[in-house]
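So the structure is just underneath, and the comments pick up after that.
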2 protein chains.
Amino acid sequence: MSTALLTDHYELTMLQAALRSGAAHRRAVFEVFARHLPGGRRYGVVAGTGRVLDSLESFRFRPDELEFLATAVDAQTLEFLADYRFSGHVYGYREGDVYFPASPIMVVEGTFAEAVLLETMILSVLNHDCAIASAASRMTTAAAGRPIIEMGSRRTHEWAAVAAARAAYIAGFSSTSNLMASRLYGVPTAGTAAHAFTLLHDSEQAAFEAQVATLGASTTLLVDTYDVAQAVRTAVEVAGSKLGAVRIDSGDLAVAAQEVREQLDSLGAFSTRILVTSDLDEYAIAALAAAPVDGYGVGTSVVTGSGVPTAALVYKLVARETATGKLEPVAKRSVGKPSRGGRKQAYRLLDDAGRYETEFVTTSGTAPDGGVPLLHQLVRDGEVIGAEPLEAARARHREAIALLPQEALHLGRGYAAIPTEFA
Amino acid sequence: MSTALLTDHYELTMLQAALRSGAAHRRAVFEVFARHLPGGRRYGVVAGTGRVLDSLESFRFRPDELEFLATAVDAQTLEFLADYRFSGHVYGYREGDVYFPASPIMVVEGTFAEAVLLETMILSVLNHDCAIASAASRMTTAAAGRPIIEMGSRRTHEWAAVAAARAAYIAGFSSTSNLMASRLYGVPTAGTAAHAFTLLHDSEQAAFEAQVATLGASTTLLVDTYDVAQAVRTAVEVAGSKLGAVRIDSGDLAVAAQEVREQLDSLGAFSTRILVTSDLDEYAIAALAAAPVDGYGVGTSVVTGSGVPTAALVYKLVARETATGKLEPVAKRSVGKPSRGGRKQAYRLLDDAGRYETEFVTTSGTAPDGGVPLLHQLVRDGEVIGAEPLEAARARHREAIALLPQEALHLGRGYAAIPTEFA
């Protein structure tokens, strides 16, 4: 399906007015950035870049869409839309990288007409995916190497769920419950059974036997439908001491995990893992660090950005061609909403140990000594050239996290982990 | 596109194990309800029902999806999925109605196999749409008759944006910026120009002239790109005193609206309306009640549920057929997650003035005297019979709000506006 109508009405009225005034074909530069990192976070995570590139390729106004728009815009505008193909350039931070206030994470160059049309789509994708990845990254840190399954599909819009699974995987989650995320993006899936499966059968034992019969002893049995201790006993009786895992989904998880570990060990099920779920967020995960837990399932908190469901990214015109053909910086002067005019370049400066020290944003065109360039070309003359496998973004995120200053990984509220400098 | 893969992996592993054990074909009843109203809200708003019915009709496993699933499930399960058509019954609260803790807003009856597969899709749709509508309804109340444009598409996932526009419209918003919401659901759209349009032109005057030339003097001019007072002067010079509206998007909106109103009046533009936008939520809207504002634009806060981005609805097995063919109530006993077994009926009891007094939920099958039945059949033997126009849901919501106890409309935190009684 075309993504072209996933767009605010005013992009089309601006287009119509600019076509009429003649300004529509002026060259323009739009930049995506966040004025601040919401929620007292220390860093943001770039995610959604790959989805923007996919959406760009299906951003076409087809005959039935043009017919729908015929009452909203004039004939000249419809004609422009019928032929619309983005023919400009897009540059962006690499997916999985981190960002800070004012980092120009995406730059769109084209005519005003072709670039303004992309505003809503680009912001929808990046605001959602960056918010999820930024929350997920903190959870990955809190889990300290234990795997996390993303299982929040039911707590967010059905398609947002797919993008959330993708973003969480970039940020270090090990798998997702969402089948479409596997189909579209190759994210590994996981999942065995809910309480309904136990309740369906005439006894917990019958349910466990049915599950083990088809999924094998390496499966995960859910043990808190009735009585946890009784369920663990039944689980090991049914599956044997090679039972893969048990899942606990209620109660005081630290206490329950300790009790279940002792019980499993006493039954000889030393290799049986303990998975915990139930309203976990990064703080709850951190609080379970000392508990004998082998993996986490996280739902609501990750798909809703753990209190920050949107990333506060904006898409601003920073330069445009004048009547005389020159590209000039522009910026609005609205109260309390700072904007800096001019096409930016961004570099990351490193300290002697190779860790991130400063985010350097400049309109000068001159690269700072030793600065690592952060903007890479993603689209050239309308053609996508920056697509990459999801695993590349996931690996990049792991590397970026390793290079952040240590204090960036604290869960408490604070300021951006490194300062943004302008030149 | 099929909605069938917008599903958690474990629905399929449960299906496989139940097909193997033979329990898959037992009759089952699942209910959707919320254990509590999040965020100290006084009521929830049912939204998404129509989208669930649409998704149900496209919930099919097609050949390429079956091929994708071939490594995840066994041959018997694939065979079941290939023929999958929901053939049971669905009952639900009417879209636009209000709900309270434990209200069974949707009831799904079928075999376990066919009903369990729908869990993720139903919860994704209802948890998202109910959260948005519940927030939007409070904003509509705070606006006290002034129209609100929903304009948050850029702050949420691109498809969540479409559903959010639909849910906000049910809850009383007047229009949306989102073109796809108009295309798919007929929600009226609105929008004229962003700051980029002014910045594109060589002067604010040139931008206003371009906009008025094509959209007419009844358009809305954005007046805070540079200096508001200067912009208002220019706007009236360009469009005349019949200018439709001005929009203010920054600063202290109450002060700015007062100043702009005085300026417009002094210029003879008495009928020019003032629209305000800029991070508004229900509290900010309420705080502008005394300001000379004619309409609001709301973005981030409505599409993120104003602090409550998901509705906490769950989908629980409450009854299933036993080995002897009898339908029996079931409920898990997990700590801190109360569930009540048995197929429910729900009625609303009214006081002498006809206002809502009690939410009455019963497993007895006996209707209380004068109780208004809340569950209506939406699907019969797999066939959707409960679809209705969006305007019906919008009208119903308006009626429901009028019948809530007065204190239900307070914005502060509190308890559910009416108690839920069980029999």
Estimated Rh, the protein assembly as shown: Kirkwood, alpha-carbon pairs, angstrom:
28.1 Å
Sorting from shortest, the nanometre distances separating the label point of B:VAL372 (7 Å past Cα along the line to Cβ) from those of the same residue in the other copies are 6.2
The answer for B:TYR84, listing residues at least 5 apart or on another chain whose modeled amide H is closer than 5 Å to its amide H, is B:PHE61
In whole percent, the Cα-Cα distances of the stretch B:114-216 spread across 5 Å bins from 0 upward as 2, 12, 17, 17, 14, 13, 11, 6, 3, 2, 1, 1, 0
What pairs from A:LYS242/B:LYS337; A:LYS332/B:LYS242; B:LYS316/B:LYS344; A:LYS316/A:LYS337 go past 23 Å between their alpha carbons?
A:LYS242/B:LYS337; A:LYS332/B:LYS242
Integer Hz, Karplus 6.51/-1.76/1.60 couplings in order for the stretch A:294-303, x for Gly and Pro:
10, x, 10, x, 10, x, 3, 5, 6, 6
Using a 1.4 angstrom probe on protein heavy atoms only, which residues from the stretch A:221-238 are buried by at least 40 Å² of accessible area when all chains are present rather than their own chain alone?
A:TYR226
Rg from C-alpha atoms of the stretch B:147-304, normalised by the globular rule of thumb 2.2 N^0.38 Å, equals 1.03
Would you compute, from DSSP H runs of 4+ residues alone, the mean residue ellipticity of chain B at 222 nm, taking -39500 (n - 2.57) per run and dividing by the full residue count, rounded to the nearest 500?
-11000 deg cm²/dmol
Give, rounded to the nearest 20 debye, the magnitude of the charge dipole that chain B has about its Cα centre when Lys and Arg contribute +1 at Cβ and Asp and Glu contribute -1 at Cβ.
1160 debye
Under the Karplus relation 6.51 cos²θ - 1.76 cosθ + 1.60, θ = phi - 60°, what is the ordered set of whole-Hz ³J(HN,Hα) values for the stretch A:91-98, x standing for Gly and Pro?
10, x, 4, 5, 4, x, 5, 9
Under 5 Å, built H, 5+ apart or other chain: amide partners of A:ALA194:
none
At most 12 other Cβ atoms within 10 Å plus a DSSP loop assignment makes a site exposed; report the longest stretch of chain B without any exposed trypsin sites (Lys or Arg not before Pro).
B:86-325
So the angle from the long Cα axis of helix A:158-170 to the longest Cα principal axis of chain A, reported in degrees to the nearest 10, equals 80 degrees
Placing +1 at every Lys and Arg Cβ and -1 at every Asp and Glu Cβ, with all other atoms neutral, what dipole size does the protein assembly as shown have around its Cα centre, in debye to the nearest 20?
600 debye
Could you compute the net charge surrounding A:ASP369? Neighbours are other residues with a C-beta less than 15 Å from the C-beta of A:ASP369; K and R count +1, D and E count -1.
-3
Just to be sure I understand: if you take the accessible area of chain A alone plus chain B alone and subtract the pair, with a 1.4 Å probe, what total do you get in Å², rounded to 100?
8200 Å²
Amide H neighbours of A:THR189 at under 5 Å, excluding residues fewer than 5 places away on the same chain, with H built from the backbone geometry, are A:THR176
Quick one: pull the percent of accessible area on chain B belonging to carbon and sulfur, 1.4 Å probe, ligands and nucleic acids left out.
51 percent
Hey, can you find the accessible area per residue of the stretch B:1-121 for me, probe 1.4 Å, expressed in square angstrom?
29 Å²
Could you tell me how many degrees, from 0 to 90 and to the nearest 10, lie between the Cα long axis of helix B:204-215 and the main elongation axis, the longest principal axis, of the Cα atoms of chain B?
60 degrees
Between the helical axis of B:9-21 and the dominant principal axis of chain B, each derived from Cα atoms, what acute angle in degrees is found, rounded to the nearest 10?
10 degrees
Scalar couplings 3J(HN,Hα) for the stretch B:38-48 by Karplus 6.51 cos²θ - 1.76 cosθ + 1.60 (θ = phi - 60°), nearest whole Hz, x for Gly and Pro, are x, x, x, 6, 8, 7, x, 10, 6, 8, x
Put a label point 7 Å from Cα along the Cβ direction on A:ASP294, then list its distances to the equivalent points in the other copies in nm, shortest first.
6.7
Shortest-first distances to equivalent copies, position B:GLY336, nm, label 7 Å out along Cβ
3.8
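The values are calculated or read from the model by the stated rules, or taken from the named source; none is laboratory data. If you're wondering where the values come from, they're calculated on a predicted model, not measured in any experiment. Virtual Cβ from ideal backbone geometry, glycine too; neighbours counted across all protein chains shown. Heads up: the accessible areas ignore ligands, DNA and RNA and are worked out on the full protein's heavy atoms, side chains in. Shrake-Rupley method; radii C 1.70, N 1.55, O 1.52, S 1.80 Å.
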